[in-house]
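The values are calculated or read from the model by the stated rules, or taken from the named source; none is laboratory data. Since the structure is predicted, the reported quantities are computational estimates derived from the model, not experimental observations. Glycine also receives a Cβ, built like all others from the backbone with ideal geometry; neighbour counts cover every protein chain displayed.
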Amino acid sequence: MVQSKPWIGVITLGFMGLALVAGGVAGWLGHRIGQSALSKVRQPVLSPAATNTNDNPEPFRLLTEDAVIQQVEVLMGTSQVTPTAPTAVRPDPNIRLPLMAVQEGGVYLALEQVEAIGNQAVLVLRLQNERAVAVQLQRQFLVRDDQGNILEAEIEGLPVQLAPGNQATAIRVKLPVGLRKVRVGLTEAGQTIPFIEMRDIALEQAQPTPTPQVSPSPAPVDPIN
């Protein structure tokens, strides 16, 4: 009859105890490492009232293949500004056609009128956004002379941004009459080269309104006695 040795049982129990201790230490370390890695992760807020802080939310729109290609070309800087193609539809005689118009990157820019007010030439512009996202305007709207120098123009009616499908009309750009030609364009955020630009806007037609000369009244003539 084979007799079991008591020290073998003691060694087996010792190994089992060490395995339990090692498993507990590994589990505790894994828990601490997981807590440290996820310490800055928070559960997303699912309440619509908390997530939608915009009074005029922008609707989600699917882009067409042409729109995607056009926006990629704008971001890569390979897109060129081209004038809008003339339409074959007979225009409404009650609607004034723009003097100039360009369309690029989902944005339409039109020059409605050039007028003179005092010693200033005023450009009346219209912008329309056909992109799926809003177009920033305040810091991206540039006015340059025919040499490309940025002008400090007085601009009225320019919104901060233009939501998808909306248009901004009667944007008034006031410039000195002494300029010969100017160009107006928009840049992407962080860029300096306009992705859309209307060039060769002549200001010769916007002449200052002449001040009427008042002729002096004739001196009274003494009657002859």
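Please work out if A88 is loosely packed, with under 10 Cβ neighbours inside 10 Å and either modelled with pLDDT of 65 or more or not in a loop (DSSP other than H, G, I, E, B) (or both).
Answer is no for this residue.
Listed residues G185, G157; which is touching a Pro at 6+ places or on another chain (Cβ under 8 Å) and at pLDDT 90 or above?
Selected residue: G185, the only one of G185, G157 that is touching a Pro at 6+ places or on another chain (Cβ under 8 Å) and at pLDDT 90 or above.
Say whether the condition of being in contact (Cβ under 8 Å) with a residue 12 or more places away in the chain, surrounded by fewer than 18 Cβ atoms within 10 Å (Cβ to Cβ), farther than 17 Å from V182 by Cβ and among the small types (G, A, S) is met by at least one residue in the stretch 128-138.
yes
State which residue is surrounded by the most Cβ atoms within 10 Å (Cβ to Cβ) when the search covers only the stretch 188-199 and only residues that are at pLDDT 90 or above and more than 12 Å from A101 (Cα to Cα). Give the steps one after another, and end with the answer.
Within the stretch 188-199, the first condition is being at pLDDT 90 or above, and the residues that meet it are 194-199.
Restricting the remaining residues to those that are more than 12 Å from A101 (Cα to Cα) gives 194-195.
Values: P194: 20, F195: 22.
Among those residues, the one meeting the criterion is F195.
Evaluate the following for D55: is it closer than 30 Å to A163 by Cα, at pLDDT below 75 and either outside any helix (DSSP H, G or I) or touching a helix residue (DSSP H, G or I) at 6+ places or on another chain (Cβ under 9 Å) (or both)? Break it down into steps so the answer makes sense when it comes.
Details: closer than 30 Å to A163 by Cα: yes; at pLDDT below 75: yes; either outside any helix (DSSP H, G or I) or touching a helix residue (DSSP H, G or I) at 6+ places or on another chain (Cβ under 9 Å) (or both): yes.
Judged against the criteria, D55 is a match.
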